[in-house]
Amino acid sequence: MNRILLLSLLALGYQTASAASLLETFGSGANEFTMEFVTIGNPGNAADTTGSPNPAGSVAYTYNLGKYEVSRNMIIKANAAGSLGITMNSMNSFGGNRLLTPATGITWYEAASYVNWLNTSTGGTAAYKFDGSGTFQLWSSTDAGYNANNPFRNSSAKFWLPSTDEWYKGAYGKADGSWSNFPNGTDSAPTAVAGGTDANTAVYGQSVLTGPADITNAGGLSVYGTMGQGGNVLEWNETAYDGINSGAGENRNLRGGQWESASSALGASSRTSYNPSIEDVLVGFRVASVPEPSTGLLVALGLSGLLLRRRK
């Protein structure tokens, strides 16, 4: 593709992203921000039977997973744009309240409300159901988009919190269908660092006072291209800990370890759970979405290695 065509596409409102990623834009003006996603392919893959839960990681469809954890800046701007009122823990005692540190101290319900805003502010359908008083509910069979296999999530939503299987596949899966024990594509723990982007590193094993790294400086990438699924902060999964999304208030799955954890917390067999109303300085989240180009126009630039997506 030549330079003239590239400039023409940019003039029409297309965005550039890295070769294997997609950009989504939210908010406007001073409150505009972007979120980068990587595509998790190999739909219908066989589950891993060596981790926890067992089995785990089989996903029937292609989807996108946030390359990075959601940052404080993404919450601040969404709060301003959508009057969401989401609160975060202060990180003054844990490395400071930098805009690019992970957004922590957010309940599962607040994370779900945030994801709903990502959907509705871009003209889409809310992923999660809240009643008039803000209480989370299951979708019912009379609701459009109801999915009997997962009454937590509306099937018409574009953005959502990753399920246990979606999160697990992004961290430990490989395009050929095989699995690794750590989110560096191997069965050996990555090197512990306080920050950086070198391959085969992750942010763990640090003093609790050090705090997490910025979301774009949180270690090497997984095979699929995500950062920080090992260490930095624990992450909410959409799925209930028992794997059956049958109760609005049941404990949710948490994965990935945090900056002060041992290497074992990063492994495929390590997970924990919290009540969805809990706020914790160690816990953040990332976002998943439906794959492009079903909700946007992609043009592959073979010579430049870029992907372009028309801005909504």
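The values are calculated or read from the model by the stated rules, or taken from the named source; none is laboratory data. Bear in mind the structure is a predicted one, so any value in this text is a computation, not a measurement. Don't worry about glycine lacking a Cβ; one is built from the backbone with ideal geometry, like all the others, and counts go over all protein chains shown.
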If you check GLY305, GLY247, which single one turns out to be modelled with pLDDT under 95 and either more than 29 Å from PRO212 (Cβ to Cβ) or over 21 Å from the mean Cα position of the chain (by Cα) (or both)? GLY305
Of the residues ALA112, ALA175, which is modelled with pLDDT of 95 or more and either surrounded by fewer than 19 Cβ atoms within 10 Å (Cβ to Cβ) or within 18 Å of the chain's Cα centre (by Cα) (or both)? ALA112
Quick check, is ALA171 under 30 Å from SER264 (Cα atoms), assigned to a strand (DSSP E or B) and hydrophobic (A, V, I, L, M, F, W, C)? no
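Conditions tested, residue by residue: (1) modelled with pLDDT of 95 or more; (2) over 18 Å from TYR68 (Cα atoms).
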{"site": "LEU221", "(1), (2)": "yes, no"}
{"site": "SER277", "(1), (2)": "yes, yes"}
{"site": "LEU282", "(1), (2)": "yes, no"}
{"site": "ALA300", "(1), (2)": "no, yes"}
Which of the residues belonging to region 230-281 are among the β-branched types (Val, Ile, Thr), free of Cβ contacts under 8 Å to residues at least 60 places away in the same chain and either part of a loop (DSSP other than H, G, I, E, B) or crowded, with 19+ Cβ neighbours inside 10 Å (or both)? ILE244
Go through region 40-72 and count every residue that is farther than 24 Å from GLY220 by Cβ, in contact (Cβ under 8 Å) with a residue 60 or more places away in the chain and polar (S, T, N, Q). 1
Could you run through region 48-87 and say how many residues are more than 20 Å from the chain's Cα centre (by Cα) and aliphatic (A, V, I, L, M)? 2
Scan of region 155-181 for residues that are aromatic (Phe, Trp, Tyr) and closer than 21 Å to SER273 by Cβ, ordered by number: TRP160, TRP167, TYR168, TYR172
Hey, does region 50-57 have a residue that's in a loop (DSSP other than H, G, I, E, B), closer than 25 Å to ILE215 by Cβ and out of contact with any Phe, Trp or Tyr (no Cβ under 6 Å at 6 or more places or on another chain)? yes
What are the residues in region 237-284 that are more than 29 Å from GLY195 (Cα to Cα) and among the aliphatic types (A, V, I, L, M), if any? ALA240, ILE244, ALA248
For region 191-229, give me the residue count where each residue is outside any loop (DSSP other than H, G, I, E, B) and either surrounded by fewer than 20 Cβ atoms within 10 Å (Cβ to Cβ) or under 21 Å from the mean Cα position of the chain (by Cα) (or both). 13
Within region 150-166, is even one residue basic (Lys, Arg) and under 18 Å from ARG252 (Cα atoms)? yes
